1. Name the single residue, out of those in the stretch 49-78 being modelled with pLDDT under 95 and in a helix (DSSP H, G or I), that is surrounded by the most Cβ atoms within 10 Å (Cβ to Cβ).
2. Pick from the stretch 14-48 the residues that are within 20 Å of LEU301 (Cβ to Cβ) and out of contact with any Cys (no Cβ under 9 Å at 6 or more places or on another chain): which of them is surrounded by the most Cβ atoms within 10 Å (Cβ to Cβ)?
3. Out of ALA93, ALA158, ALA154, ALA111, I need the residue that is in contact (Cβ under 8 Å) with a residue 24 or more places away in the chain, under 17 Å from the mean Cα position of the chain (by Cα), in a loop (DSSP other than H, G, I, E, B) and buried (at least 21 other Cβ atoms within 10 Å of the Cβ). Which one?
4. Please work out if GLU167 is under 16 Å from the mean Cα position of the chain (by Cα), more than 18 Å from ALA209 (Cβ to Cβ) and not in a strand (DSSP E or B).
5. When you look at VAL137, is it assigned to a helix (DSSP H, G or I), modelled with pLDDT of 95 or more, of a type outside the set (Asp, Glu) and surrounded by 20 or more Cβ atoms within 10 Å (Cβ to Cβ), yes or no?
6. Report yes if some residue within the stretch 199-209 is assigned to a loop (DSSP other than H, G, I, E, B), modelled with pLDDT of 95 or more and under 17 Å from PRO116 (Cα atoms); otherwise report no.
Amino acid sequence: MTDPDDFPAVVVLDGGLATELERRGQDLSDDLWSARLLIDEPAEIAATHLSYYRAGARVATTASYQASFDGFARRGLDHAAAAGLMRRSVDLAREAATTATADDGVRRWVAASVGPYGAVLADGSEYSGDYGVTDAVLRDFHSRRMEVLATAGADLLAIETVPSEQEAAVLLQVLDQMPAGTRAWLSLTCADAATTRRGELVDRVFGLARGHDRVLAVGVNCTAPEHVDELVGRAVAASGKPAVAYPNSGESWDGTARAWGGDGAGVDPAAARRWVAAGARFVGGCCRVGARDISALSAGLAPAA
């Protein structure tokens, strides 16, 4: 996997994969969400990755957030077929990266998404962390698919939308068991500027990554933008690492209705510059942040001529 020194000082990430897929007319109401298209329309995933790269993103996050052995098994897919689809998610992003780089010579990277346990439940519980399961259950769930993704050819793992201290601790334990050279960022989803979705102090959870050689950045995603300034500072101080910051638009997700609501200000390039000044190295967007937003973000973070 990629050495941290290979990345530029500021790395623009993509936005919400599902956001752009829906903009392209895809129905993602299925429990597998964007992972369904790994089966039905993989070319749409590759095209969406390419749209983000062309918008200025240097990293594409794969369509594996909701991909799991359990979820694919409910579709009648055996272990080998499920693992093949997870590897396909990396291949599709790599295909788009190769195409974009051939166009302009700019290097791109692929981050394999490792979503939370709640994502496979498809009930919005990744926004509460209230799973009611043991560490052993989480460890088994994450280790099986992380092993596939860690060996699928991605440049790093995006361990993202983690809602609780319990799950963050288990994921870091599993990361330690991955092949030598595996790198990842750890990104929490937070309720406000001080607590995880589960209600724990973020400083303590960010601090779990301090001294962890395989973690190259710590921060937040799928969190309202207005909280990110404070959270970036807390992440850097507690972990001793650069931050990753890719908030949602500020809208809220209703897991029962499976719909977004409320007003969203989006990702403001001026705010992103503040995050970088506070120690963020990886900056992008999550749900409801699309390619147009990333284009504006990329332009806003570009060095002055």
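The values are calculated or read from the model by the stated rules, or taken from the named source; none is laboratory data. Small disclaimer: the values here were computed from a predicted structure and weren't measured. Please note: Cβ atoms are built from the backbone with ideal geometry, for glycine as well, and neighbour counts cover all protein chains shown.
1. PHE72
2. Going through the qualifying residues, I end up with ASP14.
3. After applying the criteria, what remains is ALA154.
4. In short, no.
5. So VAL137 does not fit the description; no.
6. Quick first cut of the stretch 199-209, residues assigned to a loop (DSSP other than H, G, I, E, B) only: 199-200.
From what's left, modelled with pLDDT of 95 or more: 199-200.
From what is left, the residues that are under 17 Å from PRO116 (Cα atoms) are 199-200.
Checking the stretch 199-209: at least one residue is assigned to a loop (DSSP other than H, G, I, E, B), modelled with pLDDT of 95 or more and under 17 Å from PRO116 (Cα atoms).
Table: residues versus (1) of a type in the set (Asp, Glu); (2) within 17 Å of the chain's Cα centre (by Cα); (3) closer than 22 Å to LEU172 by Cα.
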position	(1), (2), (3)
ARG23	no, no, no
ASP27	yes, no, no
SER68	no, yes, yes
ARG107	no, no, no
